[in-house]
Each structure stands twice: as C-alpha cells, then as structure tokens.
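The values are calculated or read from the model by the stated rules, or taken from the named source; none is laboratory data. This structure is a prediction, so every number in the text was calculated from the model and none was measured. Ideal geometry is used to build each Cβ from the backbone, glycine not excepted, and the neighbour counts take in all protein chains shown.
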Amino acid sequence: MPLLQMENVSKDYQLGKAVIHALKNINLKVEKGEFLSIVGPSGCGKTTMLNLMGCIDKPTSGVLKFQEADLANMSDNAEADLRLGKIGFIFQSFNLIPVLDIFENIEFPLILNKTAKRKRKERVDHLIDIVGLSEFVKHKPDELSGGQRQRVAIARSLVNNPSVIIADEPTANLDSETGKSILEVMKKLNEEEKVTFIFSTHNPEVMQYATRVVHLRDGVISDFEKRGA
C-alpha cells in the first residue's frame, strides 16, 4: 500500500480573469521509507504539489490518498489531525517561534497533541541529540546560525513520529556546506528512523541525495529517475 498516491491530480488557481493550471493530471505513488526529491525550475508546480501532499491545499480534480484515506473529501478537522499526527513540515524560512528556546520550539507540537510532560522531555531530548544541538538547548532562534535553525526545524518536524516529512527547498537559504550537512542529517533520519522524506529543490547537488527524483515542468511530470539508496 503506497503511503501517498496521486491519480490524475490537477490544481488550478484563479488569477483575476485568468486560470493558472499549476498541476496537470499528476500520477504518482510514494512508498514508505522513500527519500524522494521533486525537482524543476521556479514556477513548475513543486510547492503546489507539496501543499497538496501535506493537506495544506486540496486538488481541483483527481484522487489524492494518504494511507488509503481520500484527502479530497476529508473534513478540515480531520485534515488538521492528520497534519499534526502524521505529517511533518520543514520550511526554508524555518518558521521557529522567536520567544521560545530550542527545547520549547521542538516540544510545541507535543503540547498541541496533549502528550504527557515526561514523554515530551524524552522525545525532545532524543531529537536534540540526533540533530547535534545538545549544547544549544536553551538558546533562542536568533542566537543560532541558519544551519542550526534548520536542524531545530527538522527535529520539530519529527517530534510527533510522523509518517512523512515534507520539505520545501530545505537548503535554499543556506550556504553549500551547511546545506550539505542538513541533507546528511535528513538522510540519516531516513535510514535510521525509517521516515519518508519528500523534498523539493532546483539544486543538482541536493538531488544527488535522493533515492528517486521526480522531474516537474510546467505542472507536468516530465521524467522519473531512480537512484541508488
């Protein structure tokens, strides 16, 4: 059973009197444990595809399933529960809460999920150790480098043990060396924690880490590329 499945999925946007066809008849299956990269030039539909996969938006037409659940017909409350419990997000702008320290930023989704305090501490401590930020645990986001902030964002995305992590250009605002270290952290988590990663990029160096590459152009999948694990 695929983790995610798109069957003839299209997404249109109204821009004034014009209709923008962001995605056109997309067919894609994502299996559990994949490290999948969606690549293509700016404006090709990468972010739109990730938003659909992450239950942030709904398709205009077609069938979109998450573990056999039909996302197109899911209620807003059910979508919110799915995002909180099953889907983690990593944003290129980090989206950390400025007034909270590292521990509190990572812990926040667990509080929303009403997880017991002891279990919250165990999970957050474990993830802080995995992403290599134990010595910065009391620091606020503005006291960290860009790479350190992205590591916090990765840990936060994993805190609820999601089935999939969705990352939109996760290294776009980082220098090449820092970006490489972030991809290595993501790859390690994919291999050791068996978390599925779906990330977009237009950077050829970044896509080298993927086990499968989906090429997107003008809202259409133009090619698939299988890589070694």
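Quick notes on this one:
- Strands (runs of 3 or more DSSP E) completely within the range 163-229 that count 1 or more residues being closer than 23 Å to E31 by Cβ and hydroxyl-bearing (S, T, Y): 196-201, 220-226
- Subset of the range 195-229 (residues that are at pLDDT 80 or above, surrounded by fewer than 17 Cβ atoms within 10 Å (Cβ to Cβ) and touching a His at 6+ places or on another chain (Cβ under 6 Å)): S222
- Cβ-Cβ under 8 Å pairs, at least 6 apart or on other chains, the range 25-38 side surrounded by fewer than 16 Cβ atoms within 10 Å (Cβ to Cβ), far side acidic (D, E): N27/E7
- Of all the residues in the range 176-190, those that are of a type outside the set (S, T, N, Q), surrounded by 13 or more Cβ atoms within 10 Å (Cβ to Cβ) and either touching a residue at least 60 places away in the same chain (Cβ under 8 Å) or closer than 16 Å to K32 by Cα (or both) number 3.
- The residues on offer are F108, F94, F136, and the sole one that is under 30 Å from K46 (Cβ atoms) and either of a type in the set (G, A, S) or modelled with pLDDT of 90 or more (or both) is F108.
- Listed conditions (1) of a type outside the set (S, T, Y); (2) surrounded by 16 or more Cβ atoms within 10 Å (Cβ to Cβ); (3) in contact with a helix residue (DSSP H, G or I) (Cβ under 7 Å, 6 or more places away or on another chain); (4) touching a residue at least 40 places away in the same chain (Cβ under 8 Å) are all met by I87, apart from (3).
- Look at (1) of a type in the set (A, V, I, L, M, F, W, C); (2) modelled with pLDDT of 90 or more; (3) closer than 23 Å to N113 by Cα and you find that I130 fails only one, number (2).
- Within the range 42-71, tally of residues that are touching a Lys or Arg at 6+ places or on another chain (Cβ under 7 Å) and over 24 Å from K86 (Cα atoms): 1
- Residue check, G33 at pLDDT 90 or above, outside any helix (DSSP H, G or I) and closer than 19 Å to N190 by Cα: yes
- No other residue among L50, L96 is more than 30 Å from K29 (Cβ to Cβ) and touching a residue at least 40 places away in the same chain (Cβ under 8 Å) apart from L96.
- The lone exception for I128 - which of (1) part of a helix (DSSP H, G or I); (2) closer than 18 Å to F91 by Cβ; (3) among the β-branched types (V, I, T) it fails: (2)
- Residue list for the range 41-54, filter: surrounded by 22 or more Cβ atoms within 10 Å (Cβ to Cβ) and either over 17 Å from the mean Cα position of the chain (by Cα) or part of a loop (DSSP other than H, G, I, E, B) (or both): C44, G45, G54
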